[in-house]
Amino acid sequence: MSVKKLDFDTIIQSKKGFNTSLNDVTQNIRDAFILGVYTYLCSLPSTWCVNRVQLMNHFGIGRDKINKALKWLNDNFLISYHQERLPNGTVDKSTIIVYEGWEFLEKIVKNQKDNR
């Protein structure tokens, strides 16, 4: 059985029913494509099955570009990955958690203070 490394089973959001984002988060994501991916992920229902292939098809881009965007979002605390494992240690479910951006804003404020 082959392992599908690019697939995620679910997406979790702390807000439901509409898409909003913090102005400071939107204004501090300087890459338009990454902002688009983040906004798109924020708009998806929790029942949506996330996978990179679908994201690549939706945005009409390649694997490296979507991986770069997801890595940036993960590195900046706007998404995270969670894996649930079976008792034998194999991965059962992979989940992307989408955050509002409070941790991201804390990083921005810290960087601004450090650069003074």
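Using a 1.4 Å probe and counting only protein heavy atoms, arrange Phe33, Phe77 so the residue with the most accessible area comes first.
Phe77, Phe33
For Gln83 and Glu100 in one chain, what is 0.36 nm times their gap in residues minus the Cα-Cα distance, to one decimal in nm?
The span from Gln83 to Glu100 would gain 4.1 nm if fully extended.
Can you sort Arg116, Arg63, Arg30 by 1.4 Å-probe accessible area, starting with the largest?
Details: Arg116 220, Arg63 135, Arg30 195 Å².
Highest to lowest solvent-accessible surface, that is Arg116, Arg30, Arg63.
On a 1.4 Å probe surface of the protein chains, which of Leu78, Leu35, Leu86 comes out largest in accessible area, and what is the full order? Mind dumping the intermediate values first?
Details: Leu78 0, Leu35 40, Leu86 75 Å².
Descending order: Leu86, Leu35, Leu78.
How many Å² of accessible area per residue for the stretch 28-67, probe 1.4 Å? Can you show the working numbers first?
Working: 2100 Å² over 40 residues.
For the stretch 28-67, the solvent-accessible area averages 53 Å² per residue.
Once phi is turned into θ = phi - 60°, what whole-Hz ³J(HN,Hα) does the Karplus curve with 6.51, -1.76 and 1.60 give for every residue of the stretch 91-102, x standing for Gly and Pro?
6, 9, 9, 10, 10, 9, 9, 9, 9, 5, x, 4
The values are calculated or read from the model by the stated rules, or taken from the named source; none is laboratory data. A quick note: this is a predicted structure, and the numbers were derived from the prediction, not measured. The protein model used for the area step is the full one, side chains on, heavy atoms only, and it has no ligands, DNA or RNA in it. Shrake-Rupley method; radii C 1.70, N 1.55, O 1.52, S 1.80 Å.
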